[in-house]
Amino acid sequence: MARTRPCPRPCRRSGSRADAQQEPNRLDALAKSGKHRAALVEAEHARTLLTAAPGDEAPFWALAWGPPAASVYSRTAKVHETLGDHRAAAAQYALAATTRPADTYARIVALDLVAGAEMHLKRGSIEQACATWHRAIDHMDGVRSVRTRKAVSRMRGDLARFRARGLRCVAELDERGRDFLADA
């Protein structure tokens, strides 16, 4: 049995919001190593830290990916995705997208929405997936990024199996994706 050693000097805490942003790194590792219950407990702890001190300022380094809440929601979504809970993952990706300032983090908001759309598709909700992908492409306007181009290419590939069904939302989204890639 491994023993843990106490920290040789007092450990500094950055504040609840910054600490909350560190929690998802642990919970992601727990989820991927098969410790599902522990990962869900850590996710709840991260959300608790976010609400513990709403006026707590995050240090500048913690804002690199946007507001701490958005980072926590996005990472929590990845955990739910790893655990196969696509409904919860889609909800967390939606929270992440709405928590980030869209003007400042347009690419990240778009990618959160793309991930949410993929979760809707995995649940079999093609109409909801198409609506979410449309919102993602709206946020990609003016963004030039390899990741957004890859996301739209992947979206078009995911839609391929639905094209033959003649779904209007699929046809419209596929055309929009084709236009996006042609302009990129």
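The values are calculated or read from the model by the stated rules, or taken from the named source; none is laboratory data. The structure presented is a predicted model; accordingly, all values stated were derived computationally and were not measured. Every residue, glycine among them, receives a Cβ derived from its backbone with ideal geometry; neighbour counts consider all protein chains shown. For the accessible areas, the whole protein counts, side chains as well, though only heavy atoms, and no ligand, DNA or RNA atoms are used. Shrake-Rupley method; radii C 1.70, N 1.55, O 1.52, S 1.80 Å.
At-a-glance table
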{"item": "Whole-percent carbon and sulfur share, accessible surface of the stretch 32-184, 1.4 Å", "result": "52"}
{"item": "Among 93-101, 105-113, 29-37, the order from most to least packed when residues are scored by Cβ within 10 Å on average", "result": "105-113, 93-101, 29-37"}
{"item": "Where the stretch 79-184 is the region considered: accessible area per residue in Å², 1.4 Å probe", "result": "51"}
{"item": "Contact order normalised by residue count of the stretch 64-160, Cα under 8 Å, 6+ apart, percent", "result": "23"}
{"item": "Size of charge dipole - the stretch 70-147 - debye, nearest 20, with Cβ of Lys, Arg +1 and Asp, Glu -1, no other charges", "result": "200"}
{"item": "Anisotropy class of the stretch 92-181 from Cα gyration tensor, a/c 1.5 cut", "result": "oblate"}
